[in-house]
1. What order, most packed first, do the peptides 209-216, 223-230, 138-145, 271-278 have when packing is the mean number of other Cβ atoms within 10 Å of each residue?
2. Return a whole-number percent for the relative contact order of the chain, with Cα pairs under 8 Å and 6 or more residues apart as the contact set.
3. When the helices in the chain are scored as -39500 (n - 2.57) per DSSP H run of 4 or longer and the sum is shared across all residues, what 222 nm value do you end up with, to the nearest 500 deg cm²/dmol?
4. Kindly work out what percent of the DSSP beta bridges joining two residues of the chain are antiparallel, to the nearest 5.
5. Compare the peptides 21-29, 107-115 by average per-residue count of other Cβ atoms within 10 angstrom and give them in order, highest first.
6. Give me the mean projected area, in nm² to one decimal, of the convex hull enclosing the Cα positions of segment 34-92.
7. State whether the chain is rounded, prolate or oblate according to the following rule on the C-alpha gyration tensor (a ≥ b ≥ c being the square roots of its eigenvalues): a/c under 1.5 gives rounded; otherwise a/b larger than b/c gives prolate, and the remaining case gives oblate.
8. Along each principal axis of its Cα atoms, how long is segment 1-117 end to end? Whole angstroms, biggest number first, please.
Amino acid sequence: MQVKILADSACDLPKSFYEEHNVTLIPLKVFIEGNEYEDVKNINPKTVYDAIRRGIVPKTSQASPLTFEEIFTSMAENNEDGIYIAFSSELSGTYSTAVMIFDQVKEKYPNFNLTIIDTKCASLGQGLIVKEAARLAALNVSKDEIVKDIKFRCEHMEHLFTVEDLDYLAKGGRVSKASAFLGGLLNIKPVLNVEDGKLVPIEKIRGKKKVFRRLIELMKERGSSLGKQVIGISHADNEETVLEVKAMIEEEFHPQEIYISSIGSAIGAHTGAGTIAIFFLNE
């Protein structure tokens, strides 16, 4: 029987992906002006970015324990083997909730065979891992081999990104308000990474063009065999810029494929509009 792949909406893959590749979606929650939404299922990322531009600060929360219970119980009753590829435990409680609910379901169904993996990744860094796992599952690769591949990619996935507005990161407590104010005055763009599941600033660059050139330099420094990889780019309502970045990457590295996706509502609520992120494997 084909291994069932589960993923939460923080992986920033579109709704069509889950439907076309038989991947089970676990949505995080988004709150805007008192309204509750399920990420991917009933909210479009543009709704979040439009709200942000109006000065509204959306809130998010982890996936519902009830959602996990319903999905896990159904799988256990149908004797389905599965792998849940989870959003970084350093950025959300979703992974911990999944483990808790799994333990509860396992008590009733001791033969339930589910592996839950804390990717320590986010956005399309997590999404590229989900994409490859779904491809392998469709080829009826064994569960052990898929888990091995997932863990390798988790350990080697690079996340490089920059945000349009430092002030928005300040609202989320990611940078100091003083830094955000000075950044706005000086047109400073931060370059950030995800290391061991946590958001880590690398450096600050003055000017939009320079920051993208620096991202390409960092890809050269950190990447491995980029010409043979699928490279991911995600963006927060910034299609014009993402095409510029795509062209730069194609010219420099000639990768096997460049996969572009929109940063979803749950992640975008924290990064703000205009964010550009690049994902690839290191050595």
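1. Working: 209-216: 16.5, 223-230: 14.8, 138-145: 12.1, 271-278: 25.5.
Descending mean neighbour count gives 271-278, 209-216, 223-230, 138-145.
2. Details: 563 pairs, mean separation 66.3, N = 283.
Relative contact order for the chain comes out at 23 percent.
3. Values: 11 runs with 127 residues, N = 283.
My calculation for the chain gives -14000 deg cm²/dmol from helical runs alone.
4. Details: 29 of 48 bridges.
Roughly 60 percent of the beta bridges in the chain run antiparallel, per DSSP.
5. Numbers: 21-29: 20.0, 107-115: 13.4.
Peptide ranking by packing, descending: 21-29, 107-115.
6. Values: hull surface 22.1 nm².
The orientation-averaged projected area of the Cα hull of segment 34-92 comes to 5.5 nm².
7. oblate
8. Result, largest extent first: 51, 28, 22 Å.
Readers should treat all values here as calculations from the given coordinates under stated rules, not as data from a laboratory. Values in this document were obtained by computation on a predicted structure and should not be read as measured data. Methodologically, a virtual Cβ is constructed for each residue, glycine included, from the backbone with ideal geometry; neighbour enumeration extends over all protein chains shown.
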